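Below is one structure; the comments refer to it alone.
The values are calculated or read from the model by the stated rules, or taken from the named source; none is laboratory data. Quick caveat: nothing in here was measured; it's all calculated off a predicted structure. Cβ sites come from the backbone with ideal geometry, for glycine too, and all protein chains shown count toward neighbours.
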Amino acid sequence: MNNDKCCGGHSQPDNKIEKKLLELEDSLQTESATALPVPVSSQDLLSLNRQTPSLKDDMFYFSGIALLAFGILVLFNHIRVGTGLFQALGLTGQGFGFIILPLLLGIGMIVYNPKSKWGYLVMSVSCALVFYSVLASLIMSFPPMSLLALIIMFLPFALGGAFLVKGMGGPAGIEHRLRNQGLIKTSVDKAK
């Protein structure tokens, strides 16, 4: 026969466990009565909710950034870039050789005498002039489009900006963050 058995058919360790559980229940009941010494109002809960960023705010913030990036992509996709070479310099567009000749002359001077300062000067000025002429000759324009296409093209900018501001907590949230970073001063700071 087992010696752990007691008169109720339960073993002694089972009785000890039940006794500990009852003590724990009693202590929890006494603690729960004194757990909230300060009454919490609904306004306090709302202010706590606004202070902690939520997943919803993060989703608005990052979707705003994504929409702004998409808007830039759509805008750049509609801009057409063409060349009107030498129109910025007043030439007719047939005189590219006039800029290449000094470049070739500078390269020839450097090959003949690698220590020639004039060769490096002529070559660097010619390279700068070629670079400038290529950049200055770019013409950016919008192709003809309907008003609806223009609205659809700029719509991601409006939505992205709105989502970005909403994700940052609205105008009050942006002002709060700027104050915390010291970028704007409050009336109390101005008085000091």
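Laid out as a table, the results:
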item	result
Qualifying residue in the stretch 121-139 (condition: assigned to a helix (DSSP H, G or I), surrounded by 10 or more Cβ atoms within 10 Å (Cβ to Cβ), touching a Phe, Trp or Tyr at 6+ places or on another chain (Cβ under 7 Å) and of a type in the set (A, V, I, L, M))	no
Flag for PHE131 being aromatic (Phe, Trp, Tyr), out of contact with any Lys or Arg (no Cβ under 7 Å at 6 or more places or on another chain) and assigned by TED's automatic domain parsing to the domain that holds GLY71	no
Any hit, the stretch 152-167, residues being surrounded by 12 or more Cβ atoms within 10 Å (Cβ to Cβ), among the aliphatic types (A, V, I, L, M) and over 23 Å from ASP58 (Cα atoms)	yes
Residue identified as more than 33 Å from the chain's Cα centre (by Cα) and either small (Gly, Ala, Ser) or more than 22 Å from LEU75 (Cβ to Cβ) (or both) among SER124, SER141	SER124
Criterion: among the hydrophobic types (A, V, I, L, M, F, W, C), surrounded by 10 or more Cβ atoms within 10 Å (Cβ to Cβ) and modelled with pLDDT under 55 - qualifying residue of LEU48, LEU101	LEU48
